[in-house]
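For reference, the structure discussed in these notes is given below.
The values are calculated or read from the model by the stated rules, or taken from the named source; none is laboratory data. Source: prediction; values computed, not measured. Here the Cβ positions follow ideal geometry from the backbone for every residue, glycine too, while neighbour counts run over all protein chains shown.
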Amino acid sequence: MSENERPPVMNQGVPGWVPPGAAQPPDPGAPAPAPAFPTKFCFACAATLDSRAELCPKCGVRQPMQPGMGGGIGFSVNDATTRTGKSKLAATLFAIFLGSFGIHKFYLGDTKTGVIYLIFFWTVIPAIIGFIEGIIWLTQSNEQWLAKYGDA
Ligand SMILES: [Zn+2]
């Protein structure tokens, strides 16, 4: 044990020492507050935008067309929307997965048929019919589907 092996004297220059009141770096683990409206990110500057925005208010760059906005550019889902905003895609998924409870019927405003599905769900027949309806809707064009359910 010699004098040379003493640890260095601690002082205020220790790395990582932050004076009280100094600005703290933002915590990267903190989740961003949930937005109250559907959002997307500007593909140019990554600013958070309303999902319906066509222009980024921050950088002014026009955003790629979104599904349902009438454009055929880029990512698009083959979906149709009724007069009251019901989605063909959602109705189809309801029919396939929740057909036994008639959820797709309730969704499209056909409460009477939906109740019948619900009453007979234990027979599994509504599930089969719902599944078949969903498959038919999948194969139908949006125009064909809207001709039948467009007013729903
Ligand atoms: Zn932007």
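Please go through segment 36-55 and pick out each residue that is of a type in the set (D, E, K, R) and assigned to a loop (DSSP other than H, G, I, E, B). Outline the logic, then answer.
Keep residues of segment 36-55 that are of a type in the set (D, E, K, R), which gives 40, 50, 52, 54.
Of everything in segment 36-55, those that are of a type in the set (D, E, K, R) and assigned to a loop (DSSP other than H, G, I, E, B) turn out to be R52, E54.
Condition first: modelled with pLDDT of 95 or more and over 20 Å from R83 (Cβ atoms). Now tell me which residues in segment 134-152 satisfy that.
G134, I135, I136
Which residues, taken from segment 116-152, are surrounded by fewer than 17 Cβ atoms within 10 Å (Cβ to Cβ), in a helix (DSSP H, G or I) and of a type in the set (F, W, Y)?
Passing the criteria: W122, F131.
Considering only segment 39-96, state which residues are surrounded by fewer than 12 Cβ atoms within 10 Å (Cβ to Cβ), modelled with pLDDT of 85 or more and away from the ligand (no atom under 16 Å from the Cβ).
The answer is R83, T84, G85.
Would you check if T111 is away from the ligand (no atom under 16 Å from the Cβ), closer than 20 Å to G150 by Cα and at pLDDT below 95? Give the derivation first.
Values: away from the ligand (no atom under 16 Å from the Cβ): yes; closer than 20 Å to G150 by Cα: yes; at pLDDT below 95: no.
In short, no.
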